[in-house]
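For reference, the structure discussed in these notes is given below.
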Amino acid sequence: MPLGPSTAVSGPVVSLTHSRRKNAPLKIGYVPMTDCAPLVVAKEKGYFEHHGLRVELSREPGWATIREKIYHGELDAAQAPASMVMELSFGYTGMVSRCLTAFVTAHNGNAITLSNDLWNMGVRDGHSLTRVIKENPARRFTFAGVLKYSSQNYLIRHWLLSHGIVPERDVNIIMIPPPQVHDCLKHGYIDGYCVAEPWSSLGLLDNIGWCTTLSSDFSPMHPEKVFMVTEAFHEEDPERHLALLRALWDAAAFCDAPENRPELSRLLSRSHYVDVPIRALDNALVGPFQMGMKQHVPADEAIVFHRHDANRPTLQKAAWVMDEIALHKIQIDQPKPSRAEILSCFREDIFNDLIASISKN
């Protein structure tokens with residue numbers, strides 16, 4: 001990856017101490033998605049407690065709330081999109097708080113869904129979509145992601161580009177919150193979207209659109225979610241951070257065991273977690289993955305929590321995020337971060353400390 005000059009950031013850099021909560025349970029935020037599973041399992045299966053931690057999980061309405069609560073010190077840690085570590089550390093949205101991840105909690109987990117109208121027009125894949133767009137110059141097709149700095153935005157753009165469809169020039173790209181994408185597709189406001197589980201499956205199982213591809217097929221093992229803390233949190237008590245990572249390591253291993261997936265769906269379906277029907281969670285966690293239009297594919301790689309060295313926060317995974325931001329010109333006000341700056345966000349050295357601590361026990 002070509003690396004540019006050091007990144008300048010604007011605004012105050014926040015380095016909040018968490019000592020005021022020293023004796024209180026750690027407060028960890030998540031958004032109700034299938035890939036919050038490691039946090040839910042660590043709580044429900046007692047892994048946090050086993051590693052000497054008192055943890056309160058805080059269900060949040062969306063990623064903007066996660067970002068703001070980390071910035072203001074209202075959360076000690078959070079499950080977050082992989083891009084959010086850079087977004088906060090480099091001040092892409094005006095808020096600057098040095099953050100890091102030492103643990104990738106999920107890979108893959110997204111799908112691209114197109115409208116039934118496009119199916120009726122003869123679309124079956126990206127190539128036929130390109131043809132239909134060219135054959136209908138008077139119609140402006142619209143596709144959606146869920147957040148500017150999210151894999152869903154990068155993936156829908158990348159998939160379109162791979163078929164010669166240039167976002168903004170040939171089609172519109174808009175951002176819609178995950179719970180609203182189905183209604184927008186159903187009522188014809190959009191022609192397709194990329195969204196994470198279980199929101200893809202909810203629409204597909206209700207016959208609102210059909211899936212043209214899983215992200216595990218066209219961008220295998222892309223980093224999806226990470227466990228994010230501030231630098232201040234880590235520096236205040238590195239051993240506490242390592243204890244959290246040990247609990248997540250155990251939980252991620254549980255989540256990836258095929259025999260545990262049905263139980264995982266039941267846990268996540270509870271009203272205080274993801275609160276969706278078990279069948280919607282089973283679609284990606286258990287499989288086979290129902291694509292719509294009476295088609296299905298194996299779900300073995302639909303979401304990966306632990307295998308394939310998934311939890312390691314490598315430079316390559318960080319580079320995937322930064323390259324996607326650069327490719328789609330999502331952040332053009334600042335130069336690309338240097339290698340050192342990227343490594344300060346994705347901390348493989350802390351992950352290595354985790355592995356060493358596990359080996360001792």
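Numbers for the structure displayed
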item: Other-chain or far-sequence residues with amide H under 5 Å of Cys99's (modelled H); result: Ser89, Glu231
item: For Ser58, distant residues with modelled amide H under 5 Å away; result: Ile28, Gly29, Tyr30
item: Dipole of the chain, positive direction: furthest Cα of Cys345, Tyr30, Gly52, with charges on the beta-carbon; result: Tyr30
item: Ordering of 192-200, 177-185 by packing [mean C-beta count within 10 Å, highest first]; result: 192-200, 177-185
item: Hull volume in cubic angstrom per residue (convex hull over the Cα atoms of segment 110-218); result: 88
item: Taking the chain and dividing mean pair separation by its residue count, relative contact order in percent (alpha carbons under 8 Å, at least six apart); result: 27
item: Entries of Lys148/Lys225; Lys225/Lys329; Lys43/Lys148; Lys69/Lys317; Lys134/Lys294; Lys27/Lys360 with Cα pairs more than 20 Å apart; result: Lys225/Lys329; Lys43/Lys148; Lys69/Lys317; Lys134/Lys294; Lys27/Lys360
item: Distance histogram for the chain (every C-alpha pair counted, 10 angstrom bins, percent rounded to whole numbers); result: 5, 25, 34, 24, 10, 2, 0
item: Ranked list, fewest to most other Cβ atoms within 10 Å of each Cβ, for Phe141, Phe351, Phe289; result: Phe141, Phe351, Phe289
item: Segments 69-78, 290-299 sorted - mean Cβ within 10 Å per residue, highest first; result: 69-78, 290-299
item: The chain: antiparallel DSSP beta bridges as a percent of all, rounded to 5; result: 60
item: About the Cα centre, charge dipole magnitude for the chain (Lys/Arg +1, Asp/Glu -1 at Cβ), debye; result: 340
item: Protection proxy ranking of 110-120, 222-232 - average other beta-carbon atoms within 10 Å, highest first; result: 222-232, 110-120
item: 5 angstrom amide H check on Val226, placed H, neighbours 5+ away; result: Ala80, Ala82, Thr105
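Every number in this text was worked out from the coordinates using simple rules, so none of it is lab data. Quantities reported herein were computed from a predicted structural model and do not represent experimental measurements. Because the Cβ atoms are built from the backbone with ideal geometry, glycine has one as well, and the counts that use them run over all protein chains shown.
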